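Note sheet for the following structure.
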Amino acid sequence: MELQGKISLKTRRSYRRGRAYLLPIFVGLVYLILYSPIIVLIVFSFNKNPLSFKWYGFTFDWYKQLFSSVEILDALKNSLIVAFSSVFLCITMALFYVFYGVSSFLNRLMVIFYGSLVAPEIVLAVCLLSIFTFFSIPLGLTTLIVGHTLIGLAYVVPIIKSSFLEMDYGLVEASMDLGATESQTFYKIVIPILSPAIISAALLVLIVSLDDFLISFFCAGASVLTLPMYIFSEIRSGATPVVNALSTLLLVVSSFLILILTAFKLRTRVF
Amino acid sequence: MKKNKFESEGSKEHSFAVALPAVLWQILFLYLPLFFLIYISFVKTLDYAVLKNLTLQNYKTLIDFSYFKIISRSVALAFFNSLFCLILAYPIAYFLALRVKRLKNLFIFLLVLPFWTNFLVQAYAWFFILDNNGILNKFLLKVGIISSPLHILNTPLAIYIVMLFCYLPFMVLPIYSSMTKIDKYLLEASSDLGATSWQTLGHVTLPLSLSGIRNGFFLVLIPSFGEFVIPILLGGGKVMYVGSMISYFFLETKNVFLGAAFTCFSGFILILIALIVYILFRKLGK
C-alpha cells in the first residue's frame, strides 16, 4: 500500500514535471512570434535583391542610400527638431508646474494631464487638427511640437511630481530659511535632486516623440515630413529595403534609449 | 512686516503664473479642442452666430447602414483583440511573475521594447511574415501542411494577427504587475492546504490579478478601437474601420463637420462599451 502510494506520487511528480515544461514552451513560442517579424525585417535590410523575399547576399547598400537621400535626412532633421523641442517644453513646464504650483489649487489639477493618455490618439489628432484649421494656424513644425508636447506632458508630469513628493521637503524649507529666494532654491536644490527623474522623463518624451506617427500624420500638413511619416508613405507606395534599413535604425535607437531608461530606472528607482 | 507680506503675495502671483503653462497647454490643446469638436459636430458652417445654427443634420447623415457597419466592425475588433490578448497574455504574465527565476529582467525588457517602439515599424515587419511569398507560407509549404500559399495579407485575419501581437505587451505588463503584488504566502498556504496548482490559480491568483486584467483590457480596448495604422497597412485599406473613416473625413473629403459628428458618435460608443466592460469587471470582482 505504502509502496503503491510512493509510486503514484512519483509518477504524479514526473507527470507534473512534464507539464511544467508546457508553460515555458508556450511563452518561448509567443516571444518567438513577437520577435520574428522584427528579426526578419532587420535581416532583409541587408539583402542584395530589392524585390524578392529570397536571400541574395549581404550588402550595406541600403544603409548607404539611406544616408545619401536628401528626403530622409530632411525627415530626420524634422524629427529631431520636434523631439528635442518637445522634450525641452515638457520638462520646463512640468518642473515649473510641480515646484511653483505646489501651494496653489493648480496642485490638485493633476487629473487633467491624464486626458491625453485615456483618449484614443486619433481623437487627439483630429481635435488638434480642427482647432488649428479653425484659427488658420499653418500646419508645420510648430503644430507638431504642440501635439507632441501635449502627449509628452502626460508622461512627464506624473514622473516629476511623484519624485518631487518623495523628495525631502525639509531641504526646500532649509534653503529658504537660509535666505535663498524661491528661484535660487528651484535651480540649486530642486533641479539637482530631481535630475534622475528629469533625465528619465526626457528620455521617455524623446522615445514617444520620435516614434509618434498619428499626431504627426494629422498635424504636419503637406510640407513637413518626419521619419515615421516617411516610412508610412513609403510602405503605402511599395517599400524598398531602404525602408527596412531606416526601420532598423529607428528600432536600434529606440531600443538603445529604452535600455538606458531601464538601466537608469533600476539604479535610481524613479518609478 | 507689512512689506514682507506684500512681497510674499507678489511672489505667490509670480509662482502661480509660472506654474500655469503646463495646465494651460492641456486646456488649450486638449480640452478646448474637444469641446470645439463637439460643437462643430452640431453645425453645418462656421460663422459667428455661434449658438443659432445648431443642427442635428450631421448626425442624421450618419444614420446609415454603412456607418453602422464600420463602427460595429471596430467594436468587434477592439473587443476580440482585447480578449485574444488576454488569453495569450495571462499565461505569459503568470510565467514572468510567479515561475521564472533566471533572466527575468531580460524577459521583461523584451516585452517593454515593443511596447515603446513604433507600431508602424512593427506592422511593416509583419509583411515579411504574412506575404504570399513570406516566411509563414514558405514554412507551411515546406512542411507540407498546405499546397498553395495562403492569402493572409490584406484580409481581416492579417489585421487581427498583427493587432494581437502589437498590443500583447499592453496586456501582459499590467497583469504582470498585479501578480507581483500577490502575497507569496497566500499561494503557499493554498498549496499546503491541498489545492492543486489549477485550483490555486482559479481561487487565489485569478481573483487577485483581476485588477491587472481590467487595466490591461482597457489599455488594449481603447486604442484598438481607434487603431488607424494596422488596418490601413495590413488590411490593404479595403475595409474601413473607425480610425480610417475619421482620417477619410478629415484628410480626404475635408468634410470636417460630418467627420466631427462621426468622431463624437464613435467616441460615445467607445465610452458606452468601456462602461459596460467596467461594470462587468466589477460584477466579476464580487
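Readers should treat all values here as calculations from the given coordinates under stated rules, not as data from a laboratory. From a predicted model like this one, the values you see are computed outputs, not experimental measurements. Here the Cβ is made from the backbone with ideal geometry for all residues, glycine too, and neighbour counts use every protein chain on show.
Listing for the model above:
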{"item": "Ellipticity estimate at 222 nm from DSSP helix runs (n ≥ 4, -39,500 (n - 2.57)) divided over chain B, nearest 500", "result": "-22500 deg cm²/dmol"}
{"item": "Residues A:Leu80 and B:Lys138, FRET efficiency given R0 of 35 Å [Cβ-Cβ distance, rounded to 0.05]", "result": "0.35"}
{"item": "Using θ = phi - 60° and Karplus 6.51 cos²θ - 1.76 cosθ + 1.60, couplings along the range A:84-90 (whole Hz; Gly, Pro as x)", "result": "6, 5, 5, 4, 4, 4, 4"}
{"item": "Distance in nm between pseudo-label sites at A:Ile199 and A:Leu29 (7 Å out along the Cβ direction from Cα)", "result": "4.3 nm"}
{"item": "Of B:Ile175, B:Cys85, B:Ile63, farthest towards positive along the dipole that unit charges on Lys, Arg, Asp, Glu beta carbons give the range B:62-285", "result": "B:Ile175"}
{"item": "Residue with peak Gaussian network fluctuation, chain B [Cα springs, cutoff 10 Å], from B:Phe42, B:Phe250, B:Phe65", "result": "B:Phe65"}
{"item": "Projected label distance in nm at B:Leu206 and A:Leu22, using a 7 Å step from Cα toward the beta-carbon", "result": "1.5 nm"}
{"item": "Mean separation of Cα contacts under 8 Å (6+ apart) over length of chain A, as relative contact order %", "result": "28 percent"}
{"item": "Cα-projected label distance for A:Val43 with A:Phe58, points at 7 Å along beta-carbon direction, nm", "result": "1.4 nm"}
{"item": "Entries in B:Lys104/B:Lys184; B:Lys69/B:Lys142; B:Lys60/B:Lys254; A:Lys48/B:Lys142; B:Lys104/B:Lys142 that, when Cα-Cα distance is taken, lie over 29 Å", "result": "B:Lys69/B:Lys142; B:Lys104/B:Lys142"}
{"item": "Ranking of A:Ser68, B:Ser74, A:Ser162 by count of other Cβ atoms within 10 Å, fewest first", "result": "A:Ser68, A:Ser162, B:Ser74"}
{"item": "Magnitude of the charge dipole, the range A:61-268, Cβ model with Lys/Arg +1 and Asp/Glu -1, debye to 20", "result": "100 debye"}
{"item": "Per-residue HN-Hα couplings for the range A:138-150 [Karplus 6.51, -1.76, 1.60; θ = phi - 60°; Hz; x = Gly/Pro]", "result": "x, 6, x, 4, 4, 5, 5, 4, 4, x, 5, 5, 4"}
{"item": "The range A:150-170 residues near the modelled A:Phe105 label - backbone nitrogen below 14 Å, point 7 Å along Cα→Cβ", "result": "none"}
{"item": "Neighbourhood charge, 14 Å Cβ-Cβ cut-off, centred on A:Trp55 and excluding it, Lys, Arg +1 and Asp, Glu -1", "result": "+3"}
{"item": "Under the Karplus curve 6.51 cos²θ - 1.76 cosθ + 1.60, θ = phi - 60°, whole-Hz ³J(HN,Hα) for the range A:196-210, x wherever Gly or Pro sits", "result": "x, 5, 5, 5, 5, 5, 5, 4, 4, 5, 4, 4, 4, 5, 5"}
{"item": "Packing-based exposure ordering (other Cβ within 10 Å, fewest first) of B:Leu106, B:Leu258, B:Leu83, A:Leu210", "result": "B:Leu106, B:Leu83, B:Leu258, A:Leu210"}
{"item": "Helix-only [θ]222 nm of chain A, DSSP H runs n ≥ 4, -39500 (n - 2.57) each, per residue, nearest 500", "result": "-24500 deg cm²/dmol"}
{"item": "DSSP H segments from chain B that extend 18 Å or more along their own axis, Cα-based, with Kyte-Doolittle mean of 1.0 or above", "result": "B:65-94, B:104-116, B:156-180, B:210-225, B:256-285"}
{"item": "Calculated FRET efficiency for the pair B:Thr196/A:Phe134, C-beta based, R₀ 45 Å, to 0.05", "result": "0.10"}
{"item": "Sorted by Cβ density within 10 Å, fewest first, the residues A:Met93, A:Met167", "result": "A:Met167, A:Met93"}
{"item": "Gain upon complete extension [B:Lys254, B:Lys60; 0.36 nm per residue less C-alpha separation]", "result": "68.0 nm"}
